[in-house]
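In what follows, a single structure is set out as structure tokens and then discussed.
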Amino acid sequence: MANMKDGLQLGQDEADTKSLFGSQGKSLPVSKSMDSGIQSDESYKMDYPEIGICIIINNKNFHPATGMAFRSGTDADAAHIRDTFMTLGYKVNLNNDRTCKQMVDILQNVAKDDHSNQSSFVCVLLSHGEDGLIYGTDGPLELKILTGLFRGDRCKSLAGKPKLFFFQACRGTELDSGIETDSRSEESTCQKIPVEADFLYAYSTAPGYYSWRNSSEGSWFIQSLCLMLKQHAKKLELMQILTRVNRKVAEYSSYSNHPDFHAKKQIPCIVSMLTKELYFPH
């Protein structure tokens, strides 16, 4: 494990960013409040014939022109994600080393599919990154280009259903040194919903920060996510599970031969536009 407390270290920790060293109005109309017809059900309907598809894009090898390093440990992440979501009932599609265009094509084709018989959608991106960007094997791509394919007005068969995105990638070059603390129903009515509703974005780290990945075990975030899902998916709501993921990741400390990158910390960042609670089916 990468946790220094355990005293066991099977590899060094790395960061999913370009380089460890030197990576350098009109007035709005007045709005009126009105009932949109959104149903008041507190949790998502998760008993469709299929729970859904899980797309994994695992980028390990990059074109030299990108300046991106080989991502050791990422295959362990991909295997953990695959096993975890298959156990939850998802149909998993694993894609290795995809260019920006290939990444867009994969998700565009999925967004065009009919998801009427599916409860949800999951996408896991494992790559280098910067804030707002994810790297294909040939360069950077804006995350919103990928996530936007599944907006309610573009992928109507997933409208009103949870769309979960998990990003294992750096979001900048800042390092967190930590601080010592004292321990003490089928809907029959017509609805109008926001096109950006029902998304969840789970980032491995806070904006501007490195995201750590152990060269043997895989990333702290994916290890923690898979462990918490396996332990709690059948009894806790998703946001409760992700809070436990945050706590688990926060327990890690980096191990590196370079002093500037040794004993650093990390905290994931969960951005939710979900409109209901999400309980995975038993």
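The values are calculated or read from the model by the stated rules, or taken from the named source; none is laboratory data. Being a predicted model, the structure only gives us computed values, none of them experimental. Don't worry about glycine lacking a Cβ; one is built from the backbone with ideal geometry, like all the others, and counts go over all protein chains shown. Side chains are part of the model used for accessible areas, which takes the heavy atoms of the whole protein and leaves out ligands, DNA and RNA. Shrake-Rupley method; radii C 1.70, N 1.55, O 1.52, S 1.80 Å.
Things worth noting here:
- Selection count where residues are surrounded by 15 or more Cβ atoms within 10 Å (Cβ to Cβ) and either charged (D, E, K, R) or closer than 30 Å to Gly148 by Cβ (or both), scope the stretch 244-269: 12
Results for (1) more than 25 Å from Lys144 (Cα to Cα); (2) open to solvent by less than 10 Å² (accessible area, probe 1.4 Å), shown as yes or no for each residue.
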site	(1), (2)
Ala65	no, no
Ser72	yes, no
Asp77	no, yes
Asp83	yes, no
Lys91	no, no
Asn95	no, no
Thr99	no, no
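- Each residue in the stretch 147-179 was checked for being over 21 Å from Ser116 (Cβ atoms) and open to solvent by 20 Å² or more (accessible area, probe 1.4 Å), and 8 of them qualify.
- Screening Gln223 on (1) within 13 Å of the chain's Cα centre (by Cα); (2) farther than 20 Å from Gly129 by Cα; (3) of a type outside the set (Phe, Trp, Tyr) shows it passes everything except condition (2).
- Test: residue in the stretch 93-102 that is out of contact with any Phe, Trp or Tyr (no Cβ under 8 Å at 6 or more places or on another chain), of a type in the set (Val, Ile, Thr) and closer than 16 Å to Gly139 by Cβ: yes
- Residue in the stretch 49-60 that is open to solvent by 40 Å² or more (accessible area, probe 1.4 Å), assigned to a loop (DSSP other than H, G, I, E, B) and modelled with pLDDT of 95 or more present: yes
- Summed over the stretch 101-146, the residues that are β-branched (Val, Ile, Thr) and open to solvent by 70 Å² or more (accessible area, probe 1.4 Å) give a count of 1.
- Residue satisfying all of: in the stretch 76-100; basic (Lys, Arg) and more than 17 Å from the chain's Cα centre (by Cα); farthest from Pro64 (Cα to Cα) among these: Lys91
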